[in-house]
Amino acid sequence: MTEFSWHENVAFDRQSVSRRRFLYGASAVAAAGAVNFRDVMSVRADELRKQGRAMILLFMQGGPSQFETFDPKPGTENGGPTTAISTTAPGIHIAEGWEKTAQQMKDIAIIRSMTTKEGEHLRAAYQMHTGYIPSGSVKHPSLGSCIAKELAITDRELPSVVTIGDRGANGSGAGFLGVDYEPFQISGRNVGAVPDNVGPIVGEKRFTRRQGLLDKLEGEFAARGGDTVVNNHRRIYDKSAKLVLSPMTKTFDLSLETAETKERYGNSEFGKGCLLARRLIEAGVTFVEVRMNGWDSHQDVFDGVKGLAGKCDPALSALIADLKDRGLFDKTLVMWTGEFGRTPKINPRTGRDHWPRNFNALLAGGGIQGGQVIGETAKDGMGIVNDPVNIPDLFSTICKSLDVNPAKENMSPIGRPLKIVDGGKPVTKLFG
Amino acid sequence: MRRPCVHVGFVFVQVALFAIFSVADEPQVPVSAKGLSPKEVALEIDRQILAELQKAAVQVAQTCSDEDFLRRVTLDITGQLPSPQDVIAFRQNTDSKKRDVLIDKLVDSSEFGLNWARYWRDVIYFRATEQRSRFNQEEFTAWMAVQWNQGTGWNSTVTAMLTASGNVEEHPETALIFAQGAIAEDVTAEACRVFLGIQLQCANCHDHPSDIWKREQFHQLAAYFPRITERRVMKGTPEYEIVSVNTENKQGDFMRDNPEMFIRAFDRDNDQKLSMKELEAGPKRIGRRIPATLKDGKSEGDNVEMQNEGMKEAKASAGRLPAKAIERLFAFGDTNKDELLTVEEIKAAQPPVNRRRGSTEHHMVDLKHPDSPGAIVDPKFFVSGETLPRGQSDEERRMAVAKSFTSPENPWFARAIVNRVWAEMLGEGFYMPVDDIGPTREARYPAVLDLICQNFVANGLNPKWLVRTIANTEAYQRKIQSRPASENDLPFASATPVPLRSDVVFNSLAQVFGVTEAEMNGRTVKAGDKKEAKDKPRAFLQSPRFLFDALFGIDPSIPKDDVMGNIPQSLMMMNSRVFRARMSARGNTQLSRILGEHKDNRDALRELHLLVLAREPSTEEIKICSDYIAEVKDRPEAFEDMMWSLLNSSEFISRR
């Protein structure tokens, strides 16, 4: 039960892979280089894994308005009717509706100068997840999968990457890193219960007995020349079976939390997702993404965001407080953002449209110095006045927080090396 | 290593020479101008492969059993599992040519086209940069199935895909372009990867580090595609179309490209210059005098028809200019500040160009100045060096590139698909991975590949011919064998057990459960959700096949060896409630029927094996199962467990 590894790609029988790589053409050289590099890295990697660093991404799908969240411009034409409130961090004001988050502001850093060029949802979400522009020829791995590859402990029973919420965020998969780092998806509606197909529906005793029969019957195919296939299949089935029978599956079960805790996070889908994220991180999962829909406020942005904040504010603040209470805060980086921001100009439907030029990200935990604001936007919100932060900068910052080398290269299937983060500099001010 | 394009005649000479020097009792290979038949080419393939294997002293596996052949060839050609009746009938058939006959029958069945269309669906949509491109995947699959079932030449099919326009659901051959958002660079990279097997896209941003391709070559190829764009059509539900943009949709671009015409349209005082007042007054009435004006003002080499088109465009778009635009125009263009614009001034004015979509020429971004549009690059095909002058219409460009792609002089076109289909059927190709071939990669058995390619071309690039030929080879029909110990061993000495594609596993499950596709529903996969369903009301997105594919789908371009099962898949196979109900020994299920019809456990076991694995159980398996029944002491329960074990076996999801 303890020897269960979610991503054990080295242990698989990959002789045919190396056979291909070493025989065919120029990519073999590059691939061989990577192998050597990995060997060198392995000692350090083991140390990293022991540190138990982790990340929670709170992804606001649709692109949240910066004005109605963490960069309000009260009293200006573009700012609209939204007022600002003070926070526990002197001098930092955020939009009304985020009162609970305001209480945690000493532990949260706001980046008001996030900037990209992509104003289309899917392409922008892809970039915010992978750091790369989408390309038909390479499926880039998400930052979460890359991080898991570097940090996850391989002998845990739970998957190393979990995403909670509806499918749809482009680029959140493992890309060419393969199934070993593919996120385990829990749809928003199912949050709280043990996921589908994880429970042994015929009872543990009969399940184990069937497993025994399957194992014996596999012998025939193995003897007839299918041994490689059978061995790989057996490993996956053994792991799956261990998960099915594992007490760790209780991690997914929120009924084990007190009513008070659940109350604190709020009874929304997103609140439950945040609570589950905390449980998963506590149980050793490396990367959890919790998605929240509905931020694409082309109309009625003021009422719309008020409603969303009513769910997001308690969940976000409870998550930070809870991580602190449990001593997980310093090792766990929490990031809140969306794929882009919204237009300063309020449109005729009292909405705001897509605006990638400046938007917000929040960072907390993982060694981030809270109670500060990075970057400043113009009075009318129409652009950045200082300290612009692009996605590679943001990703480099994340890597610094988690002690992951952003220049580490992963090899794409055609032998093209791709860095975890292509360019960018960490925002050093964030680290005190 | 670059191999020159081998001409058809050369191969015939080669074949003929081979026949002369081979042992006397071997049949003479007939040479015909129309290309050889599948059987003839298969024989020649096997002779050459065997010769190389023997030279390398590699042990060659025997021919596989009838049972294994039937399952393998039925799964590969039609994506279906043979029924127990099929297995028994095939075994009892004493015709010495029964395998050839079966291959012909399967290739002529309608499932042939559907199965391979689903393969191409996965090739294209797995790399889609936009998820909404799945909108037309069902239509695309149906269209591709027709092409394969009709034996349409692959050159025609690819030409249709490269030149496609229109509503993406009415014209599903737009699939590849739509999947890449009609963005020139992305379409270029994918077309090259899928249809030529060449990975040119690294050269998008830099000269290829491990290949010979230059950045300019990539952009010259992209220069065939700058005029395609994707447009959203608003009807109750969002629809998309692929359209050609042959003039910039901005006034400014028409103006810059046709300064004389632009001036004429507004020039009321006929001084060949435009004042602010003239522009503000709007265009002159351009009615019946246009043709005359055009004729008079026609410059050498101009195409009257194009100018007419252009004038219509001028008329349509050269309405009253907004005051701001006029202001900008003067700010930009009036370089000598005489408050009059001349042809030269308009020509020199260079407002920013929209280089992402719908730009009429392709611009190669200067990497040192990524925010500037970069220099215009003209179309040139990197394999043959064919070129196209600047200013050609989208239709002309795409026809030209399709012609270059599919030309018999372009060896990579045939090699790419032959290698793909061979790899799909044998588990390993001449080149691996299948989408990274090209002159700097080395093929195994290069002569065999060229032999197939030449005859494939001579047979009109008919995919039916190709699949028939491969299925007829001894190389395809060998027994499976464990992986060779040495990585240097030549492939094709035995068959390789590889995972089946998602659709094939899905078909097999439906067949084993004895249910229709629609009845495969239930809570098997939690993939789609209501929100998405509301946004994308395409029904297939909620179909059991689609949901199953979300979990079991594999990118057909990656080597089979790299395909591993994963935990959510095995969890579903093990614990799905829907599957459990379908495997029940009670109620209206296949197992219940088998147990009712066969009171003897051995007979029931035999029937169950035939149903799930399309073969008889071995003596050892009968013993294991009999012991299990004795241990469980409950016949229905024991049989449910056995069916569960067979369905969860690696054999069920693999080709053997």
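The values are calculated or read from the model by the stated rules, or taken from the named source; none is laboratory data. What you are looking at is a predicted structure, and each value in this text was computed from that prediction instead of being measured. Here the Cβ is made from the backbone with ideal geometry for all residues, glycine too, and neighbour counts use every protein chain on show.
Of the residues B:Q454, B:Q481, which single one is more than 12 Å from chain A (Cβ to nearest Cβ) and of a type in the set (S, T, N, Q)?
Values: B:Q481 fails: more than 12 Å from chain A (Cβ to nearest Cβ).
Selected residue: B:Q454, the only one of B:Q454, B:Q481 that is more than 12 Å from chain A (Cβ to nearest Cβ) and of a type in the set (S, T, N, Q).
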Q.
I'd like to check something: does region A:177-187 contain any residue that is over 19 Å from A:G294 (Cα atoms), at pLDDT 90 or above, surrounded by fewer than 22 Cβ atoms within 10 Å (Cβ to Cβ) and within 8 Å of chain B (Cβ to nearest Cβ)?
A. no
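I'd like to know if region A:197-209 contains one or more residues that are of a type in the set (D, E) and facing chain B (nearest Cβ under 7 Å). Even if it seems obvious, please write down each step before you answer.
In the first step, residues of region A:197-209 are kept if they are of a type in the set (D, E); the result is A:204.
Still in the list and also facing chain B (nearest Cβ under 7 Å): none.
Among the residues of region A:197-209, not one is of a type in the set (D, E) and facing chain B (nearest Cβ under 7 Å), which makes the answer no.
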Q: Those residues that are within 17 Å of the chain's Cα centre (by Cα), surrounded by 24 or more Cβ atoms within 10 Å (Cβ to Cβ) and at the interface with chain B (Cβ under 9 Å from one of its Cβ atoms), I need them from region A:120-137; list them, please.
A: A:Y126
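Looking only at residues that are among the small types (G, A, S) and in contact with a Leu (Cβ under 9 Å, 6 or more places away or on another chain) in region B:565-614, which one is farthest from the other protein chains (Cβ to nearest Cβ)?
We begin by selecting, within region B:565-614, every residue among the small types (G, A, S); these are B:565, B:570, B:576, B:581, B:584-585, B:587, B:592, B:596, B:604, B:614.
The next check asks that each one be in contact with a Leu (Cβ under 9 Å, 6 or more places away or on another chain); those that pass are B:584-585, B:604, B:614.
Values: B:S584: 11, B:A585: 13, B:A604: 16, B:A614: 13 Å.
Among those that are among the small types (G, A, S) and in contact with a Leu (Cβ under 9 Å, 6 or more places away or on another chain), it is B:A604.
Could you list, in sequence order, the residues of region A:271-325 that are of a type in the set (S, T, N, Q) and either modelled with pLDDT under 95 or part of a helix (DSSP H, G or I) (or both)?
Restricting attention to region A:271-325, the residues satisfying the condition of being of a type in the set (S, T, N, Q) are A:286, A:293, A:297, A:299, A:317.
A:N293, A:S297, A:Q299, A:S317 - these are the residues of region A:271-325 that are of a type in the set (S, T, N, Q) and either modelled with pLDDT under 95 or part of a helix (DSSP H, G or I) (or both).
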Q: Output yes when any residue across region A:226-239 is among the polar types (S, T, N, Q), facing chain B (nearest Cβ under 9 Å), in contact with a Pro (Cβ under 8 Å, 6 or more places away or on another chain) and not in a loop (DSSP other than H, G, I, E, B), and no when none is.
A: yes
Q) Can you name the residue in region A:240-264 that is without any contact (Cβ under 8 Å) to a residue 24 or more places away in the chain and more than 8 Å from chain B (Cβ to nearest Cβ) and is also nearest to A:D180 (Cα to Cα) among such residues? A) A:P247
Q) Among A:I110, A:I147, A:I153, which is the only one that is within 30 Å of A:I92 (Cα to Cα), touching a residue at least 24 places away in the same chain (Cβ under 8 Å), more than 14 Å from chain B (Cβ to nearest Cβ) and not aromatic (F, W, Y)? A) A:I110
Q) In region B:567-592, which residues are more than 16 Å from B:D641 (Cβ to Cβ) and in contact (Cβ under 8 Å) with a residue 60 or more places away in the chain? A) B:S570
Q | strands (runs of 3 or more DSSP E) within region A:80-133 that include 2 or more residues touching a Leu at 6+ places or on another chain (Cβ under 6 Å) and under 22 Å from A:F340 (Cα atoms) | A | A:108-114
Q. Looking only at region B:617-649, which residues are of a type in the set (D, E), more than 7 Å from every other protein chain (Cβ to nearest Cβ) and farther than 22 Å from B:T589 by Cβ?
A. B:D627, B:E631
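One line per residue, one yes/no per condition, for (1) among the polar types (S, T, N, Q); (2) over 17 Å from the mean Cα position of the chain (by Cα); (3) not in a helix (DSSP H, G or I):
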| position | (1), (2), (3) |
| --- | --- |
| B:L70 | no, yes, no |
| B:T74 | yes, yes, no |
| B:Q85 | yes, yes, no |
| B:V101 | no, yes, no |
| B:F112 | no, no, no |
| B:T129 | yes, no, yes |
Q: Kindly state which helices (runs of 4 or more DSSP H) lie completely within region B:362-460 and contain at least 1 residues that are more than 30 Å from B:V243 (Cβ to Cβ).
A: B:411-426, B:446-458
Q) Do you know which residues across region A:221-240 are at pLDDT 90 or above and aliphatic (A, V, I, L, M)? A) A:A222, A:A223, A:V230
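So is A:T101 within 14 Å of another protein chain (Cβ to nearest Cβ), hydroxyl-bearing (S, T, Y), buried (at least 21 other Cβ atoms within 10 Å of the Cβ) and closer than 17 Å to A:F59 by Cβ or not? Quick ask: steps written out before the conclusion?
Details: within 14 Å of another protein chain (Cβ to nearest Cβ): no; hydroxyl-bearing (S, T, Y): yes; buried (at least 21 other Cβ atoms within 10 Å of the Cβ): yes; closer than 17 Å to A:F59 by Cβ: yes.
Here the answer is no, as A:T101 does not meet what is asked.
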Q.
Being facing another protein chain (nearest Cβ under 10 Å), within 24 Å of A:T208 (Cβ to Cβ), of a type outside the set (S, T, N, Q) and not in a helix (DSSP H, G or I) is the requirement here; does B:F652 meet it?
A. yes
Q | Hits in region B:111-133 - residues which are over 21 Å from B:F195 (Cβ atoms) and within 14 Å of chain A (Cβ to nearest Cβ) | A | B:Q131, B:R132
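Could you identify the single residue in A:K106, A:K117 that is at pLDDT 95 or above and either surrounded by fewer than 19 Cβ atoms within 10 Å (Cβ to Cβ) or over 30 Å from B:S133 (Cβ atoms) (or both)?
On the way: A:K117 fails: at pLDDT 95 or above.
Sole residue among the options that is at pLDDT 95 or above and either surrounded by fewer than 19 Cβ atoms within 10 Å (Cβ to Cβ) or over 30 Å from B:S133 (Cβ atoms) (or both): A:K106.
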Q | Residue satisfying condition, being more than 10 Å from chain B (Cβ to nearest Cβ), at pLDDT below 90 and within 22 Å of A:C274 (Cβ to Cβ), within set A:V191, A:V162 | A | A:V191
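Residue-by-condition table, conditions (1) assigned by TED's automatic domain parsing to the domain that holds B:V512; (2) more than 26 Å from B:D68 (Cα to Cα):
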{"residue": "B:A550", "(1), (2)": "yes, yes"}
{"residue": "B:D555", "(1), (2)": "yes, no"}
{"residue": "B:P559", "(1), (2)": "yes, no"}
{"residue": "B:P568", "(1), (2)": "yes, yes"}
{"residue": "B:M574", "(1), (2)": "yes, no"}
{"residue": "B:N601", "(1), (2)": "no, no"}
{"residue": "B:T619", "(1), (2)": "no, no"}
{"residue": "B:C625", "(1), (2)": "no, no"}
{"residue": "B:D634", "(1), (2)": "no, yes"}
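Of all residues in region A:210-219, which are surrounded by fewer than 20 Cβ atoms within 10 Å (Cβ to Cβ) and either facing chain B (nearest Cβ under 7 Å) or touching a residue at least 40 places away in the same chain (Cβ under 8 Å) (or both)? So that I can check it myself, show each step before the final result.
The initial filter retains those residues of region A:210-219 that are surrounded by fewer than 20 Cβ atoms within 10 Å (Cβ to Cβ), namely A:212, A:215-216, A:219.
If the condition is that a residue be surrounded by fewer than 20 Cβ atoms within 10 Å (Cβ to Cβ) and either facing chain B (nearest Cβ under 7 Å) or touching a residue at least 40 places away in the same chain (Cβ under 8 Å) (or both), then A:K216 is the only one that fits.
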Q: Could you please let me know if A:A407 is in contact with a strand residue (DSSP E or B) (Cβ under 8 Å, 6 or more places away or on another chain), in a loop (DSSP other than H, G, I, E, B) and not β-branched (V, I, T)?
A: yes
Q) Hey, any hits in region B:534-556 for a residue that's surrounded by 20 or more Cβ atoms within 10 Å (Cβ to Cβ), among the small types (G, A, S) and more than 30 Å from A:P413 (Cα to Cα)? A) no
Q. Restricting attention to region B:85-137, which residues are surrounded by fewer than 23 Cβ atoms within 10 Å (Cβ to Cβ), of a type in the set (K, R) and at pLDDT below 95?
A. B:R132, B:R134
